[in-house]
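Enquirer: Mind having a look at this structure? Questions to follow.
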Amino acid sequence: MLDKLKDTGEKSLKRTIETHNKRIEESQEKLLEAKKNVVLEKKVKFDFREGGSRSSTLFACTEINTALGETPLADSTHFFNLKNDRIRIIGANGSGKSSLCRVITGELSIITGEITHFPKQVIYFDQTLSFLDPNKTILENALEKSKFIISETEIRIRLGRLGFYGDDCKKTVSSLSGGELIRAAIGVLVSMPEAPSLLILDEPTNNLDLKGIEMLSASLRNFRSALLVITPMMTSQMILE
């Protein structure tokens, strides 16, 4: 009887140990998988030289107005921004915020008024991130924006800081999720040989969750050129700080 009980106990203990070992292995696998998906914000940074115009004024206009069709979009506008300014423009939908962006970039003509300064180089983060070519890979977009001045190896290192390791940087832009898309956009931006003189963010938080907003904010803290954020939301305060 004692031998039988001992044998039963040993078998039960063996099964318990096997069950615990299996659970430990499963937990370790899940941990490794989770680590692969972690992007460390402290690694997101700008490596390029400060760009911009020699002039302190990047953009200046007097009594301008523009129109889509025959209807003027807004009252006459006086606007200017200086090198290294951080500006937030808040307004209701349809008030002409995005149209002002397109005037600054030269995409939209004015019907009245005068523009005396244009930024030397401007990157416009519109809501669809249209400055990225959706049919090209992240790496191809980054190489194009770098004007092939920065080596592919260095660009891969910069993209790796944003979580695009190895062949991940060869994903096409059109296949990316929302979170990957904003990381890719930042990755392409930091691959430029020098900072744009003006970076425009047009309602950048529309398609981002809180984590995405925090990542964008963290990546822009060391951006030293002019920054213009257009949004109807007070979350832009988080980005400008």
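Bear in mind that the values in this text are calculations on the coordinates, not laboratory data. Values in this document were obtained by computation on a predicted structure and should not be read as measured data. Backbone-built Cβ (ideal geometry, glycine too); neighbour counts: all protein chains shown.
Enquirer: Distance in nm between label sites at residue 194 and residue 154, each 7 Å beyond Cα in the beta-carbon direction?
Expert: 1.4
Enquirer: To continue, here is another question. When only DSSP loop residues count, what chymotrypsin sites (Phe, Trp or Tyr not before Pro) in segment 133-182 have their Cβ near at most 15 other Cβ atoms within 10 Å?
Expert: Working: sites: 148, 164, 165; in loops: 148, 164, 165.
Those satisfying the criteria are 148, 165.
Enquirer: Project the alpha carbons of segment 104-167 onto their principal axes and report the range along each, largest first, in whole Å.
Expert: Principal extents (Cα only, largest first): 51, 24, 18 Å.
Enquirer: On a full-extension model of 0.36 nm per residue, what is the gain between residue 11 and residue 24, subtracting their alpha-carbon distance, rounded to one decimal in nm? Present the calculation step by step, with values, prior to reporting the outcome.
Expert: Working: separation 13, 0.36 × 13 = 4.68 nm, distance 2.00 nm.
Full extension from residue 11 to residue 24 adds 2.7 nm.
Enquirer: Right, here's the next one. If I take R0 = 41 Å and measure r between the Cβ atoms of residue 93 and residue 32 in this structure, what FRET efficiency does the formula 1/(1 + (r/R0)^6) give, to the nearest 0.05? List each step's numbers first, then the result.
Expert: Working: r = 45 Å, r/R0 = 1.09.
Efficiency for this residue pair is about 0.35.
Enquirer: Rank the residues 22, 145 as a footprinting-exposure proxy: fewest other Cβ atoms within 10 Å of their Cβ go first. If you can, show how the numbers build up before the last one.
Expert: Working: 22 10, 145 21.
Listed from fewest to most nearby Cβ atoms, that is 22, 145.
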